[in-house]
1. Count, please, the residues in segment B:696-727 that happen to be under 34 Å from the mean Cα position of the chain (by Cα) and either assigned to a helix (DSSP H, G or I) or of a type in the set (A, V, I, L, M) (or both).
2. Taking the residues in segment B:6-28 that are at the interface with chain A (Cβ under 9 Å from one of its Cβ atoms) and buried (at least 16 other Cβ atoms within 10 Å of the Cβ) as candidates, determine which candidate is modelled with the lowest pLDDT.
3. Residue check: is B:Gly720 farther than 28 Å from B:Pro532 by Cα, surrounded by 20 or more Cβ atoms within 10 Å (Cβ to Cβ) and modelled with pLDDT under 85?
4. Please tell me if B:Asp285 is open to solvent by 20 Å² or more (accessible area, probe 1.4 Å), over 25 Å from B:Val130 (Cα atoms) and not basic (Lys, Arg).
5. Within segment B:322-330, identify whether any single residue is open to solvent by less than 20 Å² (accessible area, probe 1.4 Å), part of a helix (DSSP H, G or I) and among the hydroxyl-bearing types (Ser, Thr, Tyr), and answer yes or no.
6. Looking at (1) acidic (Asp, Glu); (2) at pLDDT below 90; (3) more than 21 Å from the chain's Cα centre (by Cα), which is the one condition that is false for B:Glu154?
7. Here are B:Val406, B:Val390: which of them is within 43 Å of the chain's Cα centre (by Cα), more than 25 Å from B:Gly105 (Cβ to Cβ) and at pLDDT 80 or above?
8. Can you name the residue in segment B:588-600 that is assigned to a loop (DSSP other than H, G, I, E, B) and not aliphatic (A, V, I, L, M) and, of all such residues, is least open to solvent (accessible area, probe 1.4 Å)?
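The values are calculated or read from the model by the stated rules, or taken from the named source; none is laboratory data. None of these values were measured; they are calculated from a predicted model. Here Cβ is always computed from backbone atoms with ideal geometry, including for glycine, and neighbour counts include all displayed protein chains. Protein only, heavy atoms only, side chains kept; ligands, DNA and RNA dropped before computing areas. Shrake-Rupley method; radii C 1.70, N 1.55, O 1.52, S 1.80 Å.
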Amino acid sequence: MGTPNPNPEILKGTLDMLVLKTLARGPNHGYGIAQHIRRVSEEAFRVGEGSLYPALQRLLVNGWAQAEWAVTETNRKARVYKLTPAGRRRLAEEVREFDFLLAAIARVMESV
Amino acid sequence: MKLWNRLLLRLRGGRLEAELNDEILLHREMLEADFIRAGMTPRDAAQAAARQFGNPSAAADFSRDEWSFPRFDAVLKDLRFACRLMLRNPLLTCAAALTVAFGVGANTAILSMLEIVLLNPLGMRHTDGVMVARVRIDKIQMRRAPDSGVEFREIQSMPDAFCAAAAMENRAWNYQNGGQATRLLGQAVTPDFFRVFGEDPALGRFFAPEDRQEDQHSVVLAYAMWQSQFGGDPSAIGRKIVLDDQPYSIVGVAAAEFLFPAGAQAWIPLVLSPARLQQRGMNMDLAVFARLRNGVSPAQAVGRVNRYVAGLLASTADLAKVGYGIELDRFAVYVAGDLRGPLWLLWAAALVVLLTGCANVAGLLLTRSASRRREIAIRLSVGATRWQIVRQLLLESLLLGMAGGVAGLCMAKLAVSLLTRVSLPGRQLLALVSLNHRLLLYGVALAMISGLLFGLVPALQLLRESQTSAMVRSRRRRFQDAFVTAQVAGAFVLVVTTVLLLRSLWAVQQIQPGFDPQHLTTAFFTKPKNDPGFQDRLQSALQASPGVESAALAYPVPFDGGGLTSGFSIRDRQRQPGEPEWHGEAYFVSPEYLRTMRIPLLRGRDISETDTAAAPLVCLIDRRLAERFFPNQDPIGQQISMYRDWARIVGVVGTVRATTLEEGSRPVVYYPLVQVPFFTQSAAVVRSGLSAAKTIREAVRRTNGSVPVFDVRTMQERIGESLGIRRILAALLSVFGGISLLLATIGLYGVIAQVVSERTQEIGIRMTLGAQPAQIVAQFARQGLRAGLFGLALGAVAAVYTQSWLASSLYHTQSLDVATFAAVAAGILLLLLAAVWWPSRKASKIDPQAALRYE
């Protein structure tokens, strides 16, 4: 199970971006999204379900994602989320903002 | 977008919830499956998953917040709670809602009339810049009289102030409507008439210069006329209608909203002869309207006209001597006439009722707040914020206000439909009154404001009380006293105003008109052109009709604007130098008139059958004329000239009040109807034990089927109408005054009853210590009456102001009617005493034993 992250909550505001990014790879269900983020971040980010589902609802409400019921590989009915064009635009925006932020942080850190 | 998605999601409601739960459950199952694949036992896997997952319902809750409106949901919850609370206290709820309902209803109904009368006269669209010019002649106390052609020409010649001017003259035509003779009302208007009112035709065109030729009979129809006679058929343009046996071709139809003058069915071109445009003071039967040029204010236009008149008076000594002037009024003022003052008064009265109602409900809620102290304290202690508490309390009162408001709007709807049926000189105006969306909005806003108004103080007070000790009760008492004071003051003003009006009305109604108005019915008809014996036959037919005691013909009839005014002269008599011209009123009557009206014949003889058209002209004079012009001589045999020629006076009759009950009329001369055949219409006057309206219609129809009958009314109705809106004003004010008085009494009673119940223990102790019941009563009575007396004092001051306004702008009430003030004050005081005495006495009857164990 790896080293438990002392602060499993992801940096505020970035969760939406991570979920959007995950969905950009292709439609997925809630569990799949959580697993993907965990795996790819090498257990650094463990998405709490208490924040994942609110985030997914947020995407739906903002029209960035659509959800429909589908059957999984294990023959289980699951709700699958799919990125909308608006969601794609939003992702690009968030990435740009994030890059800007990262660069700014990096400049501050390197200035010493 | 976001809101839309939210709403969409929300609409899916319960399904959404189920899907979310389902999804979270699936998540958990997958997590478990992964753990099992990693080698855990199913039991451990379930536990691990549960640990990692945390609280599933919390996850669902947070998710739900994303698509719900948390604040909105909380308000909904409060709303449900408020509804339950209202239903648990049905009596209080009903009382409060009814109070608001009445205030809001009365206010909205009256404002709907005010709107028609003041803001939006006749519901027309473009009357803002329309002014009306009327003549004033100070010498004979004539104000706002119709114009002659000269004033029209003058107003038309002021293009710097007005961009268009028009003159209008009333017309009445005989019109055959499906074989039945009717009287059609309309006007002759100059070409710019419709332009002045900013109107466009609904169909066809309005008048053009070519319509001005005498032989061009063009007519513009009112929308209603077009609908009823042509079924709204566009091909009506170019067709003809026959008015007074003369064909007129239809050139246009006015818009449906154009309802001026009220009741007008058609307009024809008005041709003013050059002579008419030059003779000032002659043929004064025009109404002159003008539209203000853009950028010219009404006041500037008035100034312009006044400057012109000043110049005119400087150059024309005769005009200056009689005090001639032109008065320019806004169209709304012209239309509203004397309705405006009374309506504002009523509106103010309704507002006072609403405010006293609010004070009353606030008092009620404060009283109830005592019993809710505990509930609020608990809610505060388990974590409710002050804002949440106040929000909930305000929501409760808003809900009460809205319930009252909705009921009030229903009441207003009812009231408006009742009011439009009231018989008034301006009834055609009131018939247009209706509730529109703006008024509904006004009513709703009023209800919500009342809700906040009566909810705020109790809410804040309740919050304060539940947070601190019972010490703040004294502040509540102060509020309650203030509310009682306000209610008593409001009630006092309203009741005093009502009583003053009723007194003046009563005094007027005691006045005898000089004839017997009971069982008299009057109806006008148009004289047929080619039927010389018609009037004789009609009178016989009327007299022969069943139930008719006596019948006569006359023109005009009393209380239809009075007799025809005219100057007169007396043979062999000259006016004294400086004496104003002799003016009198004339009536043209058939032989049975005096007997039918029961006007006493004092000397000489009545008009008789022998006074035919061919016989020498004779007349009767009334006592006023006899006393003034023949003080020490016999008027019989003297000659007087007013109409046609010298007429020999054959009799003297009693004086009659024929315009209003308050004013005596001018000297009156009665001529035989057949000897002065100048008029196109006449009236039947019938004294009958039965209702005679149908009798008259029948008799006229049998005598000549082509004669229209109109304006059928009993003499009582005519007299009632001469009292005008005062009757309605007095009736409505009585209701308002009564209600506010009732509210004040209930309010005071409620406060004292509550004080007594709160202090039961104290009363018990005092009685055990030997206090007498009388002392207990006195204590509470004193406390309650203090607020009441203060209210009376406040009300008296306000009433003095109201009354001075009333005396100056409305009717002839005494300027300071001390007796009325004192009587009303005494009456209210008695009521307050009763309201205070009842609960106080209950206090004095408290059993000390029981009281000590109380609470």
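1. Of the residues in segment B:696-727, the ones under 34 Å from the mean Cα position of the chain (by Cα) are B:696-697, B:708-727.
Then drop every residue that is not either assigned to a helix (DSSP H, G or I) or of a type in the set (A, V, I, L, M) (or both), which leaves B:696-697, B:709, B:712, B:715-723, B:725-727.
Residues meeting the conditions: 16.
2. B:Leu9
3. No, not satisfied.
4. So B:Asp285 fails the test.
5. For segment B:322-330, residues open to solvent by less than 20 Å² (accessible area, probe 1.4 Å), part of a helix (DSSP H, G or I) and among the hydroxyl-bearing types (Ser, Thr, Tyr): absent.
6. For B:Glu154, the exception is condition (2).
7. Working: B:Val406 fails: more than 25 Å from B:Gly105 (Cβ to Cβ).
Criteria check complete, one pass: B:Val390.
8. Filtering segment B:588-600 for residues that are assigned to a loop (DSSP other than H, G, I, E, B) and not aliphatic (A, V, I, L, M), the one least open to solvent (accessible area, probe 1.4 Å) comes out as B:Ser590.
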